[in-house]
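Each value in this text was obtained by applying a stated rule to the coordinates, not by laboratory testing. None of the values given here were measured: they were computed from a predicted structure. In this analysis, Cβ positions are derived from the backbone assuming ideal geometry, glycine residues included, and neighbour counts consider all displayed protein chains.
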Amino acid sequence: DGTVCRIDTTTPQGDGVVRIQLKRLGGGKMASVVTGIPLDEDELKDLARTLKQKCGVGGSVKDFNIEIQGDKRNILKTELEKKGYTVKLSGG
């Protein structure tokens, strides 16, 4: 019938506040997760690359969230505020 199944890749709309939380992974490892950035996927990957370089660690983009290895919340908060975002530390 010509139906095409497509994954929705539109940018999720938030409340204008970027949130950073600490996610505990297995084996005593942690990751800082940045949510609520109103960018499309390509822009988010570019921002993630910049943040990884500033923190000196690895990371990835998953489901419009940026995950940075380790507890880098303070560095991330400073860098995102420099870019004009309203940032809150949440959880963790």
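Computed from phi, the 3J(HN,Hα) profile of the stretch 18-29 under the Karplus parametrisation 6.51, -1.76, 1.60 (θ = phi - 60°) reads 8, 10, 10, 10, 9, 10, 8, 9, x, x, x, 8 Hz, with x in place of Gly and Pro. Couplings 3J(HN,Hα) for the stretch 69-80, derived from phi with the Karplus relation 6.51 cos²θ - 1.76 cosθ + 1.60 (θ = phi - 60°), are 5, x, 8, 10, 4, 5, 5, 4, 4, 4, 5, 5 Hz, where x marks Gly and Pro. The label point for ASP40 and the one for ASP63, both projected 7 Å from the Cα toward the Cβ, are 2.3 nm apart.
With 21 Å as the limit on Cα-Cα distance, the pairs of LYS29/LYS52; LYS23/LYS83; LYS23/LYS88; LYS45/LYS72; LYS52/LYS88 that go past it are LYS23/LYS83.
On a per residue basis, the convex hull of the C-alpha atoms belonging to the stretch 18-75 measures out at 72 Å³.
The length gained on full extension between GLU81 and ARG49, counted as 0.36 nm times the residue separation minus their Cα-Cα distance, comes to 9.9 nm.
Each residue of the stretch 50-60 was assigned a 3J(HN,Hα) from its phi angle through the Karplus expression (A = 6.51, B = -1.76, C = 1.60, θ = phi - 60°), giving 4, 5, 4, 5, 5, 8, x, 9, x, x, 7 Hz with x at Gly and Pro.
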